[in-house]
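As structure tokens, the structure follows; a few thoughts come after it.
Every number in this text was worked out from the coordinates using simple rules, so none of it is lab data. Here the structure is a predicted model, which is why all the values come from computation and not from measurement. Because the Cβ atoms are built from the backbone with ideal geometry, glycine has one as well, and the counts that use them run over all protein chains shown.
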Amino acid sequence: MKKILCIEDERDTALLIQEEFESRGYWVSLAFDGQQGLMAILRDEPDLVLCDVNMPVMSGFALLDCVVSMAPRFSSMPFIFLTALANRDDELKGRKLGADDYVTKPIDFEILNEIITARLAHVARDQVWPKEVELSVREIEALTWAARGKTSLEIAELLGMSKRTVDFHLDNARDKLGVSTRIQAAVKAASGRIIRP
């Protein structure tokens, strides 16, 4: 069962969110200010966080900044801001801090459910499929340079090998990743964080 942490200072709203998503099969815990939220993240390691922006003790922005800076292991945890104010500057600030989504109150639970489902599915893809693909060091190097737009000949010069050897490594990487072109291989490897273009 996936764990959602809802950090919301309006208790009625928090309880409504808890009831709604527990009925959809999630385990939902609550915190009522940013400081409680931080402690709950570190203690419970939720799969996803729903967080109000304007809260006492610590704002949602300060909380996200704190979590990302002090606990890098949470960098892939989806973080969704909930706010009563549809403010473009606030949304930009939240996204720059690393927020995945920004949902305006009153909450449309159908839309929020779709956002949560999509975010958790994305995390699952990132965590599962790269472990099933084992590329060699040379395959990773060749694919990284290919993702940066280098030709096989240019990659060969950079890595000190023949063009034929580069093609061999790129074709092996493509086969292992289960795609038909080098571009698809580079995109898939980058999205799975096997390479960093």
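Using just the alpha carbons, could you tell me how many Å³ per residue the convex hull of the chain encloses?
141
How do 54-63, 104-113 rank on mean C-beta neighbours within 10 Å, highest first?
By packing density, highest mean first, the sequence is 54-63, 104-113.
May I ask you to compute the full-extension gain from Val133 to Leu159, defined as 0.36 nm times their residue separation minus their alpha-carbon distance, rounded to one decimal in nm?
The Val133-Leu159 span can extend by a further 7.1 nm.
Counting Lys and Arg as +1 and Asp and Glu as -1, each charge on the Cβ, what is the dipole of the range 133-191 about the Cα centre in debye, to the nearest 20?
Result for the range 133-191 is approximately 120 debye, rounded to the nearest 20.
Can you give the relative contact order of the range 3-131 as a percent, counting alpha carbon pairs under 8 Å and 6+ residues apart?
Dividing the mean separation by the residue count of the range 3-131 yields 21 percent.
For an R0 of 25 angstrom, estimate the FRET efficiency from the Cβ-Cβ distance between Arg148 and Thr181 and round to the nearest 0.05.
Efficiency, rounded to the nearest 0.05: 0.95.
Taking H placed 1.01 Å from N in the peptide plane, check which residues at least 5 places from Val103 or on another chain put their amide H under 5 Å from its amide H.
Phe81, Leu82, Thr83
Could you check the simple spin-label distance between Arg196 and Asp44, using points 7 Å along Cα→Cβ, in nm with one decimal?
A separation of 3.2 nm, rounded to one decimal place.
Below 8 Å between Cα atoms, with a sequence gap of 6+, how large is the relative contact order for the range 139-197 in percent?
Relative CO of the range 139-197 lands at 40 percent.
Which of the lysines could a cross-linker bridge to Lys93, judged by Cα under 30 Å and excluding same-chain residues fewer than eight apart?
Result set, ordered by chain and number: Lys2, Lys3, Lys105, Lys188.
Taking R0 as 25 Å, what FRET efficiency do you get between Thr104 and Cys66 from their Cβ-Cβ distance, rounded to the nearest 0.05?
Efficiency for this residue pair is about 0.55.
Which of Cys66, Ala173, Pro56 sits closest to the plus end of the dipole of the chain, meaning its Cα is farthest towards the positive end, when Lys and Arg get +1 and Asp and Glu get -1 on the C-beta?
About the Cα centre, the residue reaching furthest to the positive side is Ala173.
Calculated FRET efficiency, Arg88 and Ser59, Cβ-Cβ r, R0 22 Å, to nearest 0.05?
My answer for the efficiency is 0.80.
From the backbone phi of the range 18-26, what are the Karplus-calculated ³J(HN,Hα) couplings (6.51 cos²θ - 1.76 cosθ + 1.60, θ = phi - 60°) in whole Hz, Gly and Pro given as x?
Coupling constants for the range 18-26: 4, 4, 4, 7, 5, 5, 9, x, 9 Hz.
Between Asp171 and Lys3, what is 0.36 nm times their sequence separation minus the Cα-Cα distance? Round to one decimal in nm.
56.5 nm
What whole-number distance in Å separates the alpha-carbon centres of the range 131-197 and the range 1-65?
About 41 Å separates the Cα centre of the range 131-197 from the one of the range 1-65.
Order of 92-99, 143-150 by packing, highest average Cβ count within 10 Å first?
Packing proxy ranking, top to bottom: 143-150, 92-99.
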